[in-house]
1. Can you name every residue in the range 154-181 that is crowded, with 22+ Cβ neighbours inside 10 Å and assigned to a helix (DSSP H, G or I)?
2. For the range 45-66, give me each residue that is crowded, with 22+ Cβ neighbours inside 10 Å and within 19 Å of residue 177 (Cβ to Cβ).
3. Is there a residue in the range 1-17 that is part of a helix (DSSP H, G or I), farther than 15 Å from residue 160 by Cα and at pLDDT 95 or above?
4. Mind checking whether some residue in the range 48-56 is touching a helix residue (DSSP H, G or I) at 6+ places or on another chain (Cβ under 6 Å) and closer than 14 Å to residue 5 by Cβ?
5. Mind listing whichever residues of the range 65-87 are more than 17 Å from the chain's Cα centre (by Cα), touching a residue at least 24 places away in the same chain (Cβ under 8 Å) and part of a helix (DSSP H, G or I)?
6. Do we find a residue being of a type in the set (Lys, Arg), free of Cβ contacts under 8 Å to residues at least 40 places away in the same chain and over 28 Å from residue 35 (Cβ atoms) anywhere in the range 146-161?
7. What's the number of the condition residue 177 fails, among (1) on the phi > 0 side of the Ramachandran plot; (2) at pLDDT below 90; (3) not polar (S, T, N, Q)?
8. Please tell me if residue 100 is touching a Pro at 6+ places or on another chain (Cβ under 6 Å) and polar (S, T, N, Q).
Amino acid sequence: MPDLSVIIAAYNTGPYIEKAVRSALDQTHASLEVILVDDASTDNTFNIAQKIEDERLICLKHDANQGPATARNTALSRANGAWIAVLDGDDWMHPARLENLLKTANNQNADIVVDNPVTVHEETQAQAPLFQKIQLQENTLLSLDDFLKHPELGYLKPVFKASFLKEHKLQYDSNLKIGEDYQLIVEALASGAKCVIGPSGGYIYTQRSSSISFRSHSESIEKQIEQLCQFLDRYDLDATSKRLGQKYVSRLKAHMTYEAIIQDIKDKAFGQALKNALSSPQSALMLYQPLLNRICGWKQHLKTF
């Protein structure tokens, strides 16, 4: 049994997939396997992955697109490693990342270990730590309340102890198209998992404008709300966790209404936009920042004359 299983869910990541797979295979921790699941890509993602000659690589393909959560579950069902590392098909890792994270996890007796990724913008190649406002100190803990208070932590790419997931029968929610990593982490934490932070900068996150993670869809947000409400009902949480979870539900509902207002404005349905804004003052307030950005842009434009 390998120490590590790196699971990769890929969909139309042809330009990136070889770098992603090779970064997993080139990890300094030699005892590993890489399980790639192509979620019915319409490009050459699967063909490129299959041409990589390494007996540690397993390539699977779905007949129909089912979303990243289902693809990861397919990989989980085939994984034999003591630890499960999640890697997206358009991202990559520095060679020593997993070795360093496992050292931290074993030293801290953790069930989950994460690090602060570095984002690289696809077009500008600008690099920056994913989290700056939330200071992720090395070798400290992240609690369930941390994730409920700061849902953006769901962008972290975790390494899970496989035995913990199996013991608590945890897997990804196949109904989710976005937020599936967040869902699994909070369910693990609610089940008693210990999550620690390891050395930062080992995971390189490709920021693509076309990535579903950077786009909002009302249906996807609605699924997130549904899953989160079920989570709050299913687990015996303390008062603080419940309050933070309910607050996050309210934020998601406001964001969904905000998206509806934006679409109403685009469709010139101003009456409906006003109705939606009045029904959700929190959503209306979210219009402030785009409007402020537009005003600042106008001021800058006027200075050129």
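1. Within the range 154-181, 180, 181 meet the criteria.
2. 45
3. The answer is yes; a qualifying residue exists.
4. no
5. Residues satisfying the conditions are 74, 78.
6. no
7. Among (1) on the phi > 0 side of the Ramachandran plot; (2) at pLDDT below 90; (3) not polar (S, T, N, Q), the lone unmet condition for residue 177 is (1).
8. Judged against the criteria, residue 100 is a match.
The values are calculated or read from the model by the stated rules, or taken from the named source; none is laboratory data. Because the structure is a prediction, the values reported are computed rather than measured. We place every Cβ from the backbone using ideal geometry, glycine too, and count neighbours over all the protein chains shown.
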